[in-house]
Each structure stands twice: as C-alpha cells, then as structure tokens.
Amino acid sequence: MLNVAVLFDGAGLARLGLERAGLTCTGFELNPVAHHLSRSVGRGDCILADAREVDLSGFDAVWASPPCQLRSSARTQGPPISAFADDLLAWSLRLPHAVLWVENIHSQRASENGWGTVWNAAQFGEVPVQSRNRVIGGRHPAPEPRRLYQRAWPGVCPAVTATEYKGCAA
C-alpha cells in the first residue's frame with residue numbers, strides 16, 4: 001500500500017478520495033482555515049505546514065494540488081493578494097518521487113495547459129461532485145476512465161462561478 005503525502009490539502013477532498021481508494025495519506029496545508037476544515041474530512045490526518053518545508057523522503061508517492069489563482073479565470077480583480085496564492089505548479093512538477101500526481105485547473109489560456117492531461121470527473125463516476133475539467137500531470141500510471149468525456153450540452157458552460165463567466169474555457 002502506498003504512503004502518500006497530499007500537498008496543498010485544502011479542505012481534504014483529494015485526500016479523502018485517495019483514502020477511499022485504500023491509500024494511507026497525510027495532508028499538508030498552509031492555510032489555517034483550510035487546515036481546520038481538512039481535519040474533519042476522512043481520517044483527518046492533516047498537518048498545518050508549508051509544503052515546501054516538509055520532509056517528503058518517507059513517502060512513496062505525492063499528490064499535489066498547488067494554488068491555482070494565477071491561472072484561474074475566476075480571478076477578475078488583478079493579481080491574487082492572498083498569502084496562500086503562490087504559483088507552485090512548476091515546483092510541484094519537479095518533485096522527485098517515482099509516483100507523482102499534480103492536479104490543477106484547466107486554464108482558459110491554452111499555453112498554460114501543456115504540462116499534463118485534461119480529465120473530467122464525469123469520466124470516472126456516474127454523478128461527479130464537481131463537473132469541471134482538471135489537468136493532471138506527473139509520473140503515474142494513466143487512469144482508466146469509464147468513458148470518454150464530452151459535454152452533454154455543447155456550447156453551455158458545465159459550471160460557472162459568480163466571478164468567472166467570460167465565456168467557457170474550450
């Protein structure tokens with residue numbers, strides 16, 4: 001069984017999915033509010049820490065969901081000002097682990113999507129919690145989706161946040 005470090009654990013939902021798949025996981029989250037939420041999800045094994053300062057040598061695999069504010073179309077008010085918005089995608093992709101999953105948003109800027117494969121939760125389950133595209137890269141066996149993804153209603157955004165609508169990401 002893999003022992004997985006879940007970096008940028010947020011509210012713990014990626015860790016919960018990995019735990020449900022039978023993996024042993026420890027989350028690491030820098031944001032105290034997100035960390036507090038994460039403690040009540042799944043086994044609640046989340047440590048308040050900066051992922052860049054964690055010793056990852058004891059883990060077999062790493063799941064990283066670095067902050068996405070710089071690539072997000074939901075950011076309409078200029079550069080992010082949060083202390084938790086550093087762009088750590090490149091840092092995450094350089095981690096040396098043989099099994100590495102890095103997850104982030106599918107940007108509306110195509111030039112920012114060349115680092116992984118685009119997936120949608122609808123490819124893996126009957127009723128996804130969030131039907132939005134994500135890019136997953138790193139070094140890992142490719143998942144086996146139940147079906148190819150296609151929009152049920154072409155031309156209609158599958159999900160839109162209040163500040164996000166500028167037209168759908170292709």
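A few comments on the model shown:
- Counted residue by residue at 0.36 nm each, then reduced by the alpha carbon distance between them, the extension gain from H36 to E53 reaches 4.2 nm.
- If the segment from F124 to W91 were pulled out straight at 0.36 nm per residue, it would be longer than the present Cα-Cα gap by 9.1 nm.
- Extension gain, D60-S111: 0.36 nm per intervening residue step, less the Cα-Cα distance, totals 15.2 nm.
Every number here is computed from the coordinates shown, using simple stated rules; none is lab data. Given the structure is predicted, the values throughout are model-derived calculations rather than measurements.
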